[in-house]
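First up is the structure itself, then whatever we jot down about it.
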């Protein structure tokens, strides 16, 4: 299968990058009227380079210092860089700044092209080459070949193409097995088609008809058509320049710097944990919470730099672990590169990589730096654990994106699958412990209740509901709609035992002519909230019954049932029950209705018949609501 790569051209203004691009591809990438008039590139230009192994995308980035922002956007997604140096000028300021930016963006290999060679005698060209070699020490171009070219007459162009082909043959192709992502660098409309966006596919594959997320806003869009270098295709892969015609999206709803990604695969954030290398040439130190311009992908946003182990960073310091707090959200993933520039006076300060696209809240101190170092150096398994510790439960695509792992690494992680989502053993154990703690606290406050309602419990514990429902049956005992700790038995609180016993004794003595429950509680000195709780407990456990609103103890009720059974035959009337037990009609009616509800009797016209199974049917449990 054909590999797909993007090759960039960088260098000082007017060193011949655009002319070289035209010589290589036949395409003039200066398309803007202002670019034609000023004879300098303002926006990145793009063209296809035809090699034997296929088509390579060429990106010609601006060289003028005023257009560094556009240069950084153009370099995003480069596999191989051609550093262009004019023979008649040699290494210039923007050459050096471009070298710094390429290093910070992680461009791993390059070729040096010395242009305009016919403008210089051969002996002077050798001096320029020595100067270039010296300037390239310590960069990815240190051992790169230096090819001499005259783009106007074609000298050296074949050699440049051959060198590009040779380097790319040894270059690992970008990953197209992961979810699609592309930073947008151009937006325009085509009459009859609508909005079109262009960019270099960072990773994955995009196909016609697919639905994508436009980030950071989160709008869902549909890919109506895919083009690669002006040719309609069914798909575009990582490393290719792609133009995507998006359905249902106006031109003013998308901008350069936005990202297209497979849904739920690329985090959007305003706080990013990062590793930064500060350039040695920085004129002044970078103070705590300095405001800088952050270039990430094709986006440019203002950000504050937050240090955790210092109040100022000096030029030349590398591997500084800190945080960027962005003024607008961006879409980013672990390992993404970025550039930081000072707004005024304008200079490139440094750059680095994203450690965690969803940065945490930390305290100032060495402990935080050590925590960030663990994040940076962590294994895939450690990253999975860290992400799930924060997010608790994630869909597969979200977990792959946030932890920057492959599906194979996910399969080795021994995670708990809940539908299409995953959590870790540690998080599941923590969720179970949180459930038990909440239920235990409820038992402590309400010892007489059978347990907390399931709905209330799931609302109180701050974990995803799906996760809680998964671990709940093992963590606790679920009884209907209530949840209790394993082996929990509702019990009477000891602090009210003596007072309650006195109240119940008085209640037993009053038989069927008891007073209202609140009267007994008041006489016993038990406050109203506790009195109500106690009544529910006694009713639920069958120690207390209500005849309408009048309480009666279980012992009194049992004695009355036994006496009535002994005095009656197979059936009895209301009057007979009143006579046997000495009840008023006000008490007799609810008493007999209670017998019906307990399943002891059955009403037939004006009499009640004892059920054959009434013997032993009366028990406290039978009356629990």
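Values quoted throughout were computed directly from the atomic coordinates according to the rules given, and no laboratory measurement underlies them. Because the structure is a prediction, the values reported are computed rather than measured. Heads up, the Cβs are rebuilt from the backbone with ideal geometry, glycines too, and the neighbour counts pull from every protein chain shown.
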Using packing as a proxy for protection, rank 140-149, 510-519, 253-262 so that the peptide with the highest average count of other Cβ atoms within 10 Å comes first.
-> 253-262, 140-149, 510-519
When only Cα pairs under 8 Å and 6 or more residues apart are kept, what is the percent relative contact order across region 497-623?
-> 23
Relative contact order (percent) for the chain, with alpha-carbon contacts under 8 angstrom and 6 or more residues of separation?
-> 8
Protection proxy (average C-beta count within 10 Å per residue), highest first, orders 239-245, 436-442 as 239-245, 436-442
Region 268-377: Rg to Rh, with Rh as the Kirkwood radius over Cα pairs = 0.92
At 7 Å along the Cα-to-beta-carbon direction for both residue 486 and residue 516, put a label point, then send me their distance in nm to one decimal.
-> 4.6
How far, in nm, would the chain grow between residue 347 and residue 159 when pulled straight, counting 0.36 nm per residue and subtracting the alpha carbon separation?
-> 64.1 nm
Starting with the fewest neighbours, write out 583, 124 ranked by other beta-carbon atoms found within 10 Å of each beta-carbon.
-> 124, 583
Pairwise label distance in nanometres, residue 219 with residue 28, each label 7 Å out on the Cα-Cβ vector | 3.4
So how far apart, in nm, are the two label points at residue 252 and residue 558 if each is 7 Å from Cα heading toward Cβ?
-> 8.3
Heads up, region 380-423 by the C-alpha gyration tensor (a ≥ b ≥ c square roots of eigenvalues; a/c under 1.5 rounded, else a/b over b/c prolate, else oblate) looks rounded
Given R₀ = 41 Å, FRET efficiency for residue 586-residue 465 by Cβ-Cβ distance, to 0.05?
-> 0.25
Kirkwood Rh and Cα Rg combined as Rg/Rh, region 187-319 | 1.10
A chain fully extended from residue 89 to residue 530 at 0.36 nm per residue, minus the present Cα-Cα distance, gains in nm 149.6 nm
Rounded if a/c is under 1.5, else prolate if a/b is larger than b/c, else oblate: which is the chain, with a ≥ b ≥ c the root eigenvalues of its Cα gyration tensor?
-> prolate
Hey, what angle do you get for helix 380-391 against the long axis of the chain, alpha-carbon based, 0 to 90 degrees rounded to 10?
-> 50
Two-site FRET efficiency, residue 453 against residue 411, from Cβ-Cβ distance with R₀ of 56 Å, rounded to 0.05 | 0.90
Order of 548, 100 - criterion: other Cβ atoms within 10 Å of each residue's Cβ, fewest first | 548, 100
So the FRET efficiency between residue 131 and residue 284, C-beta based with R0 = 30 Å and rounded to 0.05, is 0.55
When the chain is fully extended, how far beyond the present Cα-Cα distance does residue 362 get from residue 376, taking 0.36 nm per residue of separation?
-> 3.5 nm
Based on DSSP H runs of at least 4 residues, each adding -39500 (n - 2.57), what is the mean residue ellipticity at 222 nm of the chain after dividing by all its residues, to the nearest 500 deg cm²/dmol?
-> -10000 deg cm²/dmol
So for 610, 278, fewest C-beta neighbours within 10 Å to most, what's the order?
-> 610, 278
